Structures are given as structure tokens and as C-alpha cells.
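Working notes, beginning with the structure itself.
The values are calculated or read from the model by the stated rules, or taken from the named source; none is laboratory data. Please read all numbers here as calculations on a predicted model, not as lab measurements. In this analysis, Cβ positions are derived from the backbone assuming ideal geometry, glycine residues included, and neighbour counts consider all displayed protein chains.
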Amino acid sequence: MSEHNKDIVRRFLEEAWNKGNVGAMDELFIRDVVVHGFPLQTPGLEGFKEGARMYKVAFPDGHAVIEDVLAEGDKVVTRWTYTGTHKGEMMGIPPTGKRVTFTGIIIDRIAGGKIAEHWVEFDMLGVLQQLGVVPQPGQSGR
């Protein structure tokens, strides 16, 4: 079962984040998925799909590379690296044209062959620093 669970998460990252096919999330997530660490305007799957679309608009060339995938029981842990060029608005930040690279870790709980709970941690401060919205350490904010 662990390999099948890993495949679900791999497919999510490939389809939603790399290809921008958020419709695939309907097959991979329960409708009332609980998402932790990713701000959603709307709860559940619809809100998560909105967030995924927002990132694809902000970083149309965005691509996630899976570095590690571990599974035990009903949980899958994935460490990834994401790169993309900021060409669209993101959370009110106008496009900067800057290229970003950031890392993150997700933990997904699988139930009935679908992702039922999703935790995500990623370096948002690093993203904002790379975009020039937040000063790098040692830089003046002036």
C-alpha cells in the first residue's frame, strides 16, 4: 500500500503543480480535505485548487522536483524543490520577473485511496526575499 500512496502524492505534484492540471485533484483528494500550512480563502478541495491555480498564474513555468518520498502506514512525506519565474500576481504582489527556488516538505494522510489531510511547510520568507519584497539579512530596508 505504501507504494500506491506514494504514487498518489507523486501524481498530485506532477499534475497540479507541474502541469497546472488542478482538475486531477478531484481524483486525488477527498472533497473535504483538511489543509494545514497553506492559507485558503475557501476550505477544502475547492480552496486548495484556488491556491494551486494562483501559484500557476504567479509562476507559469513553475516546476516541483521531488527529492525524497517516504511512506509508512497511511502517511506519505515528500521533500521537494520548486523553481519558477514570477510572471503573475501572487497574494497582491505584482510580477517581478525574478526567478525563485525554494524547498518544502509535505505530509499527506491517505484514506480510501485519496489524500484526506495535507500538511505543507515551505520557505515563504525565502520566496519573499528572492522577490525583493522582504530584505535579505544584512540589507537595509531603506
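For the reader, a short list of remarks on this structure follows.
- Of all residues assigned to region 68-85, at least one qualifies as being touching a Pro at 6+ places or on another chain (Cβ under 8 Å) and hydroxyl-bearing (Ser, Thr, Tyr).
- Scanning region 76-94 for residues that are crowded, with 16+ Cβ neighbours inside 10 Å and not small (Gly, Ala, Ser) returns Val76, Val77, Thr78, Trp80, Tyr82, Thr85, His86, Lys87, Met90.
- Within region 98-119, the set of residues being surrounded by 17 or more Cβ atoms within 10 Å (Cβ to Cβ) and in contact (Cβ under 8 Å) with a residue 40 or more places away in the chain comprises Val100, Ile106, Asp108, Ile110, Lys114, Ile115, Glu117, His118.
- Screening region 108-124 for residues that are at pLDDT 95 or above and farther than 16 Å from Trp17 by Cα and picking the one that is farthest from the chain's Cα centre (by Cα) gives Gly112.
- Asp68 being in contact with a strand residue (DSSP E or B) (Cβ under 7 Å, 6 or more places away or on another chain), more than 20 Å from Asn21 (Cα to Cα), modelled with pLDDT under 95 and surrounded by fewer than 17 Cβ atoms within 10 Å (Cβ to Cβ): no
- Taking region 50-65 as the range and being surrounded by fewer than 19 Cβ atoms within 10 Å (Cβ to Cβ), touching a residue at least 12 places away in the same chain (Cβ under 8 Å) and charged (D, E, K, R) as the test, the residues that pass are Arg53, Asp61.
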